[in-house]
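Working notes for the structure below.
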Amino acid sequence: MKILIVGAGGVGGYFGAGLIKAAADITFLLREKRHRLIQENGLTVETPEGNFTITPKSVTADQLKPEYDLIILAPKAFDLEDSLASLEKASANGTFLPFLNGFNHLEVLDDKFGKARVMGGVAQIAAMITETGAVRRMTDVQGLIAGPRSPEHETLAREFADLCEKSSFNFVYSETIELALWEKWVFLATLAGMTTLCLGSVGDIVATPYGAELSQKMYSECCAIAAANGFPINATVQSKALSLLTKEGSIFTASMMRDLTSGQRTEHEHVLGDLIRKGTATDTDCDLMKIAYTHMAVVKAP
C-alpha cells in the first residue's frame, strides 16, 4: 500500500514516522520550506521515552502523481481547503483518511469525493512542532482509531490496521468510527471550552468552588447534542471522559488554549461553533458552549 500523508506536523509527522519505522511505504506532501528542511536534516521525533530521526520520502504539490492508495489528511481544521487544493494532482485516485478535529470535515470530503472514498479516523496525541522543526510528543498518549464508513474501503481499512498494529503506537480498528469521532468531539469541545474560558488547566479549574460542576454541565450539554444527532455517548465513555475533565491536580489543557495563549490561529469555529450549530439545528440546549464560543470569537488570535 502506498500512503501519502499531507503535512508532517504533530499528527501526520508523528504517526507517519511511526509507520515508516514499521516499514510502511509513506510519502509526505509538504510545503517547499518544510520539504527542504526535512530533506536536509531528516524528521526528528521527540518523545518522553527518547528521540529518533528518520529520512522520509517527501514531495511538494507540483511533484505529485495519482499513485497513492491512501491519502491521510492531518492538518488543522481551518487548513483543510488549502490541503485539498494542494492535492489536485493526486486526488484522482485513492481513499482519504482524515484525522481532523470535529466532524464536519467528513461532510466536506463526502460532498467533494463521495462517501465511498472517505474513511474515518481519530488521532489521540498531544504533540507540536518545535522551533527546530522536530515533532514533539508531550504525553504518554499516542493512538489512532480508524475504520470504514462504506463497504468500498473495508479491505483498505483492514490493510491500514495491519500496518498500524506493527508500529509502536496504539491502534484501534473501529466498525463505528463516526461514533468514535463524536466521542472525541464532545470531549474535546468540553476541554477546549473550559480551558479557554478559564485560561487554566483542568486541575486549576476543579480547584475552584464551581469548576468541576461547570465542567460536568458543559460535557452533559455536548453529550446531549451528540444524542440529538443520532450518536448517543454510552455511560462508560462518559464516565471515563468526566474523570479526565475533573481530575484534581491535572495539568491537562486543550491545544486550542495553547494556540490562543501563543497567538496562533485556533479551531474554535470547527470544534465549538460547528457543535453549537448541530445543537441549535436539533433544538438542543447549548448555552454554556455558546458562552465558550463567544469568548473565543472575541479574544481569538488573528
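The values are calculated or read from the model by the stated rules, or taken from the named source; none is laboratory data. All values reported here derive from a predicted model rather than from experimental measurement. Don't worry about glycine lacking a Cβ; one is built from the backbone with ideal geometry, like all the others, and counts go over all protein chains shown.
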Q. So which pairs qualify, if the first residue must be in the stretch 228-245 and in the same structural domain as Leu191 (by TED's automatic domain parsing) and small (Gly, Ala, Ser), the second must be modelled with pLDDT of 95 or more and loosely packed, with under 10 Cβ neighbours inside 10 Å, the Cβ gap must be under 9 Å, and the two must be at least 6 apart or on different chains?
A. Ala228/Asp283
Q) within 24 Å of Ser83 (Cβ to Cβ), within 19 Å of the chain's Cα centre (by Cα) and in contact (Cβ under 8 Å) with a residue 60 or more places away in the chain - does that describe any residue in the stretch 189-211? A) yes
Q.
Suppose the filter is free of Cβ contacts under 8 Å to residues at least 12 places away in the same chain and not polar (S, T, N, Q); does Asp25 pass it?
A. no
Q) Taking the stretch 246-267 on its own, how many of its residues are part of a helix (DSSP H, G or I) and closer than 19 Å to Ala123 by Cβ? A) 5
Q.
Could you go through the stretch 36-50 and let me know if any residue there is under 30 Å from Phe103 (Cβ atoms) and of a type in the set (Gly, Ala, Ser).
A. no
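The rows are residues; the columns are (1) among the charged types (D, E, K, R); (2) touching a Ser or Thr at 6+ places or on another chain (Cβ under 8 Å); (3) not in a loop (DSSP other than H, G, I, E, B).
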{"position": "Ala123", "(1), (2), (3)": "no, no, yes"}
{"position": "Ala127", "(1), (2), (3)": "no, no, yes"}
{"position": "Thr132", "(1), (2), (3)": "no, yes, no"}
{"position": "Met138", "(1), (2), (3)": "no, no, yes"}
{"position": "Gly143", "(1), (2), (3)": "no, no, yes"}
{"position": "Ala146", "(1), (2), (3)": "no, yes, yes"}
{"position": "Arg149", "(1), (2), (3)": "yes, no, no"}
{"position": "Glu154", "(1), (2), (3)": "yes, no, yes"}
{"position": "Arg158", "(1), (2), (3)": "yes, no, yes"}
**Q.** Residue selected from the stretch 209-254 under the condition farther than 20 Å from Asn101 by Cβ and among the β-branched types (Val, Ile, Thr), by the criterion surrounded by the fewest Cβ atoms within 10 Å (Cβ to Cβ)
**A.** Thr236
Q) Taking strands (runs of 3 or more DSSP E) that do not extend beyond the stretch 27-106, which have at least 2 residues that are surrounded by 15 or more Cβ atoms within 10 Å (Cβ to Cβ) and of a type outside the set (D, E, K, R)? A) 43-47, 57-59, 70-73, 95-98
